[in-house]
Structure formats: C-alpha cells, structure tokens
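Read-outs throughout are calculated quantities, based only on the coordinates presented, and are distinct from any laboratory measurement. Being a predicted model, the structure only gives us computed values, none of them experimental. Every residue, glycine among them, receives a Cβ derived from its backbone with ideal geometry; neighbour counts consider all protein chains shown.
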C-alpha cells in the first residue's frame with residue numbers, strides 16, 4: 001500500500017491569532033475615517049476627522065453661536081477687505097470652514113487668513129490652505145475635544161495663533177505658536193478691552209461677544 005502524508009495542522013494558537021487580527025481589522029472602531037464619513041454625518045452634527053478618528057460634535061448653541069457671529073462681525077469690520085475705522089484690513093474670515101489639512105478634517109468655529117495667502121474664497125466645498133488664526137468657541141460638550149485634540153493638532157499643523165472663547169465663563173484665552181509649541185500670551189474676562197494678537201492693532205471689545213446673551217446663572 002502506498003503511504004500518504006497528511007497536511008501539517010496549524011496550531012490552534014495561530015488560528016486564534018489570525019481570527020483576532022481579522023476581527024480587529026474589521027472592527028468599525030479601528031477603521032480609519034474618511035471624507036465619506038463626514039458627508040454621511042447627521043445634519044445636526046459637525047463632523048471632523050482627527051488622526052483618522054471621526055468626531056461628531058453638536059452644532060453651536062445660542063451663546064456659542066452668538067459669540068461666533070459677534071466675533072466674526074467685529075473682526076471683519078476692522079480687518080476685512082479694506083478695514084474700517086481704526087482697522088488695517090488685510091484678512092479673510094470664515095465661520096465654520098471645513099479644513100482639509102494633512103489628512104485631517106477640521107471645522108473651527110471661526111478662522112482667518114492673511115489676504116496675501118488666501119486672497120479670495122474658492123468655489124470648493126472645503127479649504128486646503130492653513131489658517132493664520134483659528135478660534136474655537138467652547139461649550140460643555142465640545143471643550144474637551146477642542147482642548148485635548150484640536151489645540152495640539154493646530155500646533156502640529158503650524159497654525160500661528162489660536163483663540164479659545166468660553167461664552168459661559170465669559171473668557172478669552174490667546175495663544176501664539178513659538179518654536180512649535182503654544183505660548184499663552186493673554187487671558188481676558190467679562191468686558192475687558194484687550195489688544196490680542198494677531199489683531200492687536202486695535203482694542204477688542206470682548207463684551208460684544210455676550211452682550212446679546214442673557215447672563216449665566218449665578219451659582220449659590
């Protein structure tokens with residue numbers, strides 16, 4: 001009788017390892033998010049992709065929306081096309097621009113570009129030019145992501161200036177990128193009138209950001 005050799009059996013441990021690897025590769029939690037995920041996000045959410053992870057944030061509430069609108073209006077008046085009053089002009093601003101930068105998709109509340117770097121608004125659904133200034137309007141539901149995810153990423157990307165506005169605490173924090181790291185250059189509250197970089201050519205009416213919002217509740 002002829003002899004036959006049976007195929008070698010793969011150890012059970014190898015089979016389990018391959019099964020775990022296959023499961024991990026197909027786990028939605030481990031999948032790298034793409035622009036398709038952003039487009040498929042619910043309309044009531046702001047979708048961003050940070051280090052391959054999809055982040056869904058709520059749309060701005062009343063105080064946050066009022067602060068973003070007031071800030072962009074004041075800055076556009078002084079630093080927009082041609083400037084106005086004491087403002088020197090020279091900037092282009094946008095509310096909630098969708099930024100596609102080095103594989104990340106970010107949506108700051110307000111952003112600004114010097115006109116020599118971005119003279120006109122493109123007819124495209126997103127922006128690929130790094131902003132010269134970014135502002136995030138904090139809320140209890142977005143503050144953690146803004147501070148721990150987006151703030152360090154803005155530094156890594158090379159955004160020169162970052163403002164963090166909290167309409168609940170009535171505060172403004174100003175940071176400037178120095179040597180690839182954020183340097184805290186100013187903190188202002190309530191109705192302060194700072195000259196805050198990069199818009200230090202004029203005094204900024206901080207109280208305008210919450211002038212039309214009812215005061216926050218007083219804690220007992």
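With label points built 7 Å along Cα→Cβ from the Cα atoms of residue 51 and residue 35, find their separation and express it in nm.
If labels sit at residue 51 and residue 35, their model points lie 2.4 nm apart.
If R₀ is 30 angstrom, what is the calculated FRET efficiency for the pair residue 115 and residue 141, using the beta carbon separation as r and rounding to 0.05?
Values: r = 34 Å, r/R0 = 1.13.
Computed FRET efficiency for residue 115 and residue 141: 0.30.
Kirkwood Rh, Cα Rg: Rg to Rh for region 26-209? All intermediate terms of the calculation are to be shown ahead of the outcome.
On the way: Rg = 16.2 Å, Rh = 16.9 Å.
That ratio is 0.96, to two decimals.
Show me, bin by bin at 5 Å from 0, the whole-percent P(r) of region 84-161 based on Cα pairs.
3, 14, 26, 25, 16, 9, 5, 1
Which order, highest average first, do 167-180, 119-132 follow once you tally other Cβ atoms within 10 Å for each residue and take the mean per peptide?
Averaged packing, sorted descending, gives the order 167-180, 119-132.
Cut-off is 10 Å between beta-carbons; in what order do 214, 136, 205, 219 appear when sorted fewest neighbours first?
On the way: 214 8, 136 27, 205 14, 219 4.
Least crowded to most crowded, the residues run 219, 214, 205, 136.
Given N residues in region 103-219, what is Rg(Cα) / (2.2 N^0.38 Å)? Before the final figure, lay out each step's value.
On the way: Rg = 15.0 Å, N = 117, 2.2 N^0.38 = 13.4 Å.
Rounded to two decimals, the normalised Rg is 1.12.
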